[in-house]
Amino acid sequence: MLLLVTFGVLPILVAAVVSLTDMDISGLANRDNVGFIGLDNYQRLFDDPDFRDALLTTGFFVVLGVPSIVVLSLGVALLLDRGDGRFVRALRAFYFVPAVTGIVAISLVWGYLYNTQFGLFNYLLSLVGVEPVQWLSDPALAKFSVALVAIWRGTGLNLIIFLAALQGIPRVYLEAAALDGAGAWRTIRSITLPLLRFAIFFVTVTTMIAWLQFFDEPFVLTDGGPLGATTSASIFLYQEGFRNNQFGYASAGSLVLFVLIAVVTVVQLRLRRPDAQD
């Protein structure tokens with residue numbers, strides 16, 4: 001509880017207090033330079049078109065990334081669960097590697113793959129006569145390029161969660177379905193997926209929270225560009241707070257993002273509650 005209060009609750013309370021001030025870098029050296037301005041930061045925030053664009057970009061990443069990760073990790077887990085040889089165990093480790101690899105190393109590798117002149121992707125396209133693609137320079141395409149890296153990186157951890165849930169399903173259910181003549185797809189649809197409801201719910205909630213805070217991939221690959229196309233809400237707050245030194249303004253934005261994440265999470269939990277006793 002002490003650790004939770006120190007590293008979880010206390011920073012939120014500090015941000016709430018700072019959001020009511022005009023604190024900037026000069027306020028760190030002299031508290032007399034910090035003035036109380038009430039809700040002005042929040043009013044300015046909601047009038048800021050850049051913040052609205054950042055929220056819309058975050059929403060785009062959530063809509064694209066969350067279903068993709070859940071479906072992809074579940075599908076791969078179902079396939080890997082059908083085997084138990086050395087090759088399958090090696091595949092499990094292979095899929096999990098991105099989850100434990102540093103984001104900087106991952107982004108550097110993907111940056112070379114996306115390179116317009118020397119990247120592997122454009123080289124492969126050139127073999128079939130396709131012109132070079134501006135993977136990270138085109139505002140529309142950059143969103144999908146950054147999201148692809150995050151989806152690839154986020155699949156591994158959720159894959160392990162689904163595999164653990166699959167191994168927890170009593171085999172007697174699957175054997176009974178086989179004796180009744182149920183095929184592989186019917187067994188998955190009628191037995192496996194219903195018994196994975198909590199795992200699917202858990203992965204969906206945690207993945208959505210992570211994507212609402214989407215930061216690492218766009219920060220390292222594009223730094224929010226080009227033309228702000230990949231500037232998520234977290235990157236916007238980072239830029240305002242640590243580059244423009246507007247700590248009060250950035251704190252107000254962080255509180256808004258915190259409330260948004262809390263509301264989305266509570267809604268998901270309440271939707272799950274009628275099914276909790278199944």
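The values are calculated or read from the model by the stated rules, or taken from the named source; none is laboratory data. Remember, predicted model here, so these are calculated numbers, not experimental data. Using ideal geometry, Cβ is built from the backbone for each residue, glycine included, and neighbour counts are taken over all protein chains shown. Note: areas computed on protein heavy atoms with side chains; ligands, DNA, RNA excluded. Shrake-Rupley method; radii C 1.70, N 1.55, O 1.52, S 1.80 Å.
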Rounded, prolate or oblate: pick one for the range 25-79, where a ≥ b ≥ c are the square roots of the eigenvalues of its C-alpha gyration tensor, a/c under 1.5 means rounded, and failing that, prolate if a/b is larger than b/c, else oblate. prolate
About its Cα centre, how strong a charge dipole does the chain have in debye, to the nearest 20, once Lys and Arg get +1 and Asp and Glu get -1 at the Cβ? 1100 debye
Rounded to the nearest 20 Debye, what is the dipole magnitude of the range 104-235 about its Cα centre when Lys and Arg each give +1 and Asp and Glu each give -1 at the C-beta? 440 debye
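Report the charge-dipole magnitude of the range 1-142 in Debye, nearest 20, computed about the Cα centre from +1 at each Lys and Arg Cβ and -1 at each Asp and Glu Cβ. Each step should come with its number before you reach the end.
On the way: 7 positive and 12 negative charges, 179 e Å.
For the range 1-142, the charge dipole is close to 860 debye.
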Heavy-atom accessible area per residue - the chain, 1.4 Å, Å²: 58 Å²
Taking +1 at the Cβ of each Lys and Arg and -1 at the Cβ of each Asp and Glu, which of Phe162, Tyr238, Pro139 sits farthest along the dipole of the chain towards its positive end, judged by Cα position relative to the Cα centre? Phe162
Helix-only estimate, please: 222 nm mean residue ellipticity of the chain, summing -39500 (n - 2.57) across DSSP H runs of length 4 or more and dividing by its residues, to the nearest 500. -21000 deg cm²/dmol
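Could you calculate the contour length gain from Trp185 to Ala105, that is, 0.36 nm times the residue separation minus the distance between their Cα atoms, to one decimal place in nm?
Working: separation 80, 0.36 × 80 = 28.80 nm, distance 3.88 nm.
Separation in residues times 0.36 nm, less the Cα-Cα distance, equals 24.9 nm.
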Going by the alpha-carbon gyration tensor, a ≥ b ≥ c the square roots of its eigenvalues, is the range 130-209 rounded (a/c under 1.5) or, if a/c is not under 1.5, prolate (a/b greater than b/c) versus oblate? prolate
Using only Cα atoms, locate the centre of the range 92-115 and the centre of the range 6-75, then give the distance between them in Å, rounded to an integer. 28 Å
Hey, how many Å between the Cα centroid of the range 209-262 and the Cα centroid of the range 165-194? 44 Å
A student applying the Cα gyration tensor rule (rounded when a/c is under 1.5; otherwise prolate if a/b is larger than b/c, oblate if not) would label the range 121-161 oblate
Using modelled backbone amide H atoms (1.01 Å from N, in-plane), which distant-in-sequence or interchain residues come within less than 5 Å of Thr21's amide H? Ile37
Report the local net charge at Ile103: Lys and Arg +1, Asp and Glu -1, summed over other residues whose C-beta lies under 9 Å from its C-beta. -1
Candidates Ser126, Ser107, Ser234, ranked by Gaussian network fluctuation over the chain, Cα under 10 Å, top entry: Ser126
How large is ³J(HN,Hα), in whole Hz, for each residue of the range 35-42 in order, when computed from phi with the Karplus curve 6.51 cos²θ - 1.76 cosθ + 1.60 and θ = phi - 60°, using x for Gly and Pro? x, 7, 10, x, 9, 4, 4, 5
Just Val18, Val100, Val130 to compare: in a GNM of the chain, with alpha carbon springs under 10 Å, which one fluctuates most? Val130
Where does the range 61-199 land on Rg(C-alpha)/(2.2 N^0.38 Å)? 1.32
Computed over the Cα atoms of the chain, what is the ratio Rg over Rh, Rh following Kirkwood? 1.05
Carbon plus sulfur, as percent of the 1.4 Å-probe accessible area of the range 83-232, comes to 68 percent
